[in-house]
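Peer 1: I have a structure I would like to understand better, so I am pasting it below and will then ask my questions one at a time.
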């Protein structure tokens, strides 16, 4: 049983879609920039046998609503969406798991509400200095939403970013098949182009310095996002970091190209955060 996205909570006027599945201690899953809940489709079935999964689409992504302007997308608002969902489902001190941008939003949420999470598992989360973030943010200027009369050519253009070697067809197909939404008699990407890059406003040093919950950090050895100088900065940025784990051969989309290793690391780290020994 995987989460069915039939529920939502309204945050600042926008519906935030979420799904709940499984039994056990609570675990929150949050996607990366431009992603949505299907990114977890390879790891969720195994995790939900041991955890109650709360899977969220942030505003401007997936099945959640879009905000009116680019400036309406802020780390604090995305964090408020996460906190609103866990309150709506009555989650008790959940473990937060976030991929890429999702990890930054988890740090923001844990900074805003220090007692919210039992711990955080960050998966290949962008972790640059404020200066590096500002340089990267300059590349995301936002654009108008594009519409297509025929969805198939658009789906065929879909690819993972940043570029990496192709993942297995069974890994990418459920994502590619659900990246578009029908709008009237046309089709458009589910992700709002105005939201892209806004996660860079979530300063890792600023938010992580205030996080007291333990943090586990998972990264791909071949990641184009985490590596080199950025990797060296992580321990200094995150005072509550308890483990830094490399997945050999993995790229940025670790949960898609190395799902078995991702499941093992998420479950082991999260179990340590809640004191689970079974």
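All of the numbers you see were taken from the coordinates with simple rules; none came from a lab. As the structure is a prediction and not an experimental result, all values here were calculated from the model. Here the Cβ positions follow ideal geometry from the backbone for every residue, glycine too, while neighbour counts run over all protein chains shown.
Peer 1: Considering only the range 18-68, what is the antiparallel percent among its DSSP beta bridges, to the nearest 5?
Peer 2: Bridges in the range 18-68 that DSSP calls antiparallel: roughly 45 percent.
Peer 1: Can you give me the Rg/Rh ratio for the chain, using Cα atoms for both radii and the Kirkwood formula for Rh?
Peer 2: When Rh is taken as the Kirkwood radius, the ratio is 0.93.
Peer 1: Apply the Debye scattering formula to the range 238-278, with a single equal point scatterer on each alpha-carbon and no solvent, then give log10 I(q)/I(0) at q = 0.16, 0.21, 0.33 Å⁻¹.
Peer 2: -0.48, -0.75, -1.10
Peer 1: So, one more: Got the relative contact order for the range 213-278 handy, in percent, Cα pairs under 8 Å and 6 or more residues apart?
Peer 2: Dividing the mean separation by the residue count of the range 213-278 yields 38 percent.
Peer 1: How large is log10 I(q)/I(0) at q = 0.10, 0.11, 0.16, 0.17 Å⁻¹ when the Debye formula is applied to the Cα atoms of the range 136-278, each weighted equally and without solvent?
Peer 2: The computed values of log10 I(q)/I(0) come out as -0.49, -0.58, -1.09, -1.16.
Peer 1: Let me ask something else. Roughly what % antiparallel, to the nearest 5, for the DSSP beta bridges in the range 1-147?
Peer 2: 40
Peer 1: Tell me the mean residue ellipticity at 222 nm calculated for the chain from its helices only (DSSP H runs of n ≥ 4, each -39500 (n - 2.57), averaged over every residue, nearest 500).
Peer 2: Only helices count here, giving -8500 deg cm²/dmol.
Peer 1: Among 94-106, 145-157, how do they line up from the highest to the lowest mean number of other beta-carbon atoms within 10 Å?
Peer 2: 94-106, 145-157
Peer 1: Based on C-alpha coordinates, I'd like the Rg and Dmax of the range 1-106, in Å.
Peer 2: Considering the range 1-106 through its Cα atoms, Rg and Dmax are 12.6, 40 Å.
Peer 1: When ranked by the protection proxy of mean other Cβ atoms within 10 Å per residue, highest first, what sequence do the peptides 190-196, 232-238, 204-210, 160-166 form?
Peer 2: Result, highest mean first: 190-196, 204-210, 232-238, 160-166.
Peer 1: A further question on this structure: Any idea what the relative contact order of the range 18-161 is, in percent, if you count C-alpha pairs under 8 Å spaced at least 6 apart?
Peer 2: Relative contact order for the range 18-161 comes out at 22 percent.
Peer 1: Indicate, rounded to the nearest 5 percent, the antiparallel portion of the DSSP beta bridges found entirely in the chain.
Peer 2: That works out to approximately 40 percent antiparallel.
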